[in-house]
1. Could you give me the percent of Cα pairs per 5 Å distance bin for the chain, shortest bin first, beginning at zero and ending with the bin that holds the maximum distance?
2. Could you work out how far helix 104-127 tilts from the main Cα principal axis of the chain, as a 0 to 90 degree angle to the nearest 10?
3. Just to confirm a number: summing +1 for Lys and Arg and -1 for Asp and Glu over residues other than LEU109 whose beta-carbon lies under 13 angstrom from that of LEU109, what do you get?
4. Mind checking the angle between helix 75-99 and the chain's longest principal axis? C-alpha axes, 0 to 90 degrees, to the nearest 10.
5. Taking 0.36 nm per intervening residue step and subtracting the Cα-Cα distance, what contour gain separates LEU60 from ARG100 on full extension?
6. Counting Lys +1, Arg +1, Asp -1, Glu -1, what net charge surrounds LEU50 among other residues with beta carbon under 11 Å of its beta carbon?
7. Please list, by residue number, everything in region 1-37 whose backbone N is under 17 Å from a paramagnetic label point 7 Å out along Cα→Cβ of ALA68.
8. Can you give me the Cα centroid spacing of region 8-55 and region 100-158 in angstrom?
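Coordinate-derived values only; no laboratory data. Computed from a predicted model, the values in this text were never measured in an experiment. We place every Cβ from the backbone using ideal geometry, glycine too, and count neighbours over all the protein chains shown.
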Amino acid sequence: MRFALTAGFVGVIVAANAATSALGLVTVAGVTVTAGTWLAGLAFVARDGLHGAGGSRWVLAAIVAGAAVSAALSPALALASGVAFLLSELADWSVYAPLRRRGRTRAALASNVVGSFVDTATFLLIAGFPLALAPAQVAIKITVSAAAVLGVRLAVLRQPVLTSGGGRHA
């Protein structure tokens, strides 16, 4: 499971950086953001899953791997992305860890809000994009990550409860 989650997280990081490298800024429904913003919210959810399965070492290794692969596309974006994900990971974990006892969904939603602010400010500053993009980027990241977290939560709740045995005791 850890390897699948790692591959998913690295894949989303690279896809977000590839989108921003190829497309730069995109406007959808009158909102202008870096192209990778639409994928970054998914990265936060993948990061939460990897944290649960592998811990912070796996997350940090995946961030470094994502930045290294992304460097082939754009070294400047890879640096901005890597630093932004590392700093947002620290902020995310500082919120997620204490809230986890109250429920993973609540912890993921709250920590992804904090992570979205840190990731956005750091990325825009280092990559050289205007900070005026920040409100829209934060809103999109929070919306995408919340939709993914709640979607996973609903999928888990709908799973049938499996029992073992045929009803008779052996």
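1. P(r) over the chain, rounded to whole percents: 1, 9, 17, 22, 19, 12, 7, 4, 2, 2, 1, 1, 1, 0.
2. 20 degrees
3. Around LEU109, the surrounding residues sum to +4.
4. 40 degrees
5. Here the answer is 12.4 nm.
6. Net charge around LEU50: +1.
7. 3-4, 6-15
8. One Cα centre to the other: 10 Å.
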